[in-house]
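Below: the structure, in structure tokens.
Values quoted throughout were computed directly from the atomic coordinates according to the rules given, and no laboratory measurement underlies them. Treat the numbers as computed from the prediction; the structure is a model and nothing was measured. Cβ coordinates were reconstructed from backbone atoms using ideal geometry, including for glycine residues, and neighbour counts include every protein chain displayed.
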Amino acid sequence: QPESSDSYQLGIELARPGLFHADLSLFHNRIEDLIDTDMNPEKSAAQRLLIFEYQNIARALTQGVELSGRYHATSRLELKSSYTFLDSEDRDTGKTLTERPEHQIKAGVDYTHAAWGSVFTLRAVSQSEEFIDSQNTITSPAWTTWDVKFTQSMSKAFKVYGGIDNVTDEHRDPERNGDFRPQQG
């Protein structure tokens, strides 16, 4: 069935151009016939794999807070971050919705050396554990990844770019049932 929802959002934005920018947003969504995936325990056991199927959740709720900011510490250094708190619920069972972590944090640092045409970037993402089944019996572990990038301008039309994604090699454990961390290290 197609889903429908009533959504409410309240936000505030503060900014001082060239110095900082911050957003705070509160949201509340009531969803009817939410299209979601759920693990089928019988098929999963028979195949010895995690088998997911689409389903409708009659009445669902998602609500939370998002906070993000950007700060120019110096003309060369910019700091970025965001935080999301999410409360989700199947309103008929009272269980948490699948694949919706309660907490997620993103942070980044950009260092620009304009005279050399160089940009160094560091990014981090961290999220809390999440349920992967509608009965809330199987959780995927919390995880954090770090990415490092470097960009060098060679001319106005040509840049060289390189980086390492997931420096700490955070990845799924193939032996662990229900591990939804990043697929590759």
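Among the trypsin sites (Lys or Arg not before Pro) within region 142-176, those in coil by DSSP and having at most 14 neighbouring Cβ atoms inside 10 Å are 156, 176. Taking θ as phi - 60° and the Karplus parameters 6.51, -1.76 and 1.60, the scalar couplings of region 166-182 work out to 6, 3, 7, 6, 6, 7, 4, 9, x, 7, 9, 6, x, 8, 10, 5, x Hz in sequence order, x denoting glycine and proline. Of the two radii for the chain, the radius of gyration is 1.07 times the Kirkwood radius, both from the alpha carbons; that is the Rg over Rh value.
Ignoring aspartates and glutamates fewer than eight residues from residue 149 along the same chain, the ones with Cα atoms less than 20 angstrom from its Cα are 78, 110, 165, 169, 170.
Close amide H pairs (under 5 Å, H built 1.01 Å from N) link residue 142 with 129, residues at least 5 positions away or on another chain. With θ taken as phi - 60° and the Karplus curve 6.51 cos²θ - 1.76 cosθ + 1.60 applied, the whole-hertz 3J(HN,Hα) list for region 65-77 is 9, 10, 10, 9, x, 9, 9, 8, 5, 9, 5, 9, 10 Hz, x standing for glycine and proline. With a/c under 1.5 counting as rounded, go ahead and sort region 110-177 into rounded, prolate or oblate using the C-alpha gyration tensor (a ≥ b ≥ c being the square roots of the eigenvalues; past the cut-off, prolate if a/b is larger than b/c, else oblate). Verdict is prolate for region 110-177. The relative contact order of the chain, computed from alpha carbon pairs under 8 Å that lie at least 6 residues apart in sequence, is 13 percent. Here's the picture: a label point sits 7 Å out from the Cα of residue 169 along the beta-carbon direction, and within region 117-153 the residues with their amide nitrogen under 15 Å of it are 146. 3J(HN,Hα) along region 14-28, derived from phi through the Karplus expression 6.51 cos²θ - 1.76 cosθ + 1.60 where θ = phi - 60°, amounts to 10, 8, 10, x, x, 10, 8, 8, 9, 10, 10, 9, 10, 9, 8 Hz, with x in place of Gly and Pro. Which length gain, in nm to one decimal place, applies between residue 93 and residue 124 when the Cα-Cα distance is subtracted from 0.36 nm times their residue separation? 7.7 nm is the gain from fully extending residue 93 to residue 124. Looking at the chain as a GNM with Cα springs under 10 Å, which of 58, 157, 22 has the largest mean-square fluctuation? It is 157.
Subtracting the Cα-Cα distance of residue 105 and residue 7 from their residue separation scaled by 0.36 nm leaves 33.0 nm. Computed from the C-beta positions of residue 158 and residue 135, the FRET efficiency with R₀ = 41 Å rounds to 0.15.
Over all Cα atoms in region 78-122, the spread is summed up by Rg and Dmax: 18.5, 60 Å.
Taking label points 7 Å from Cα along the Cα-to-Cβ direction, residue 85 and residue 30 give a separation of 2.2 nm.
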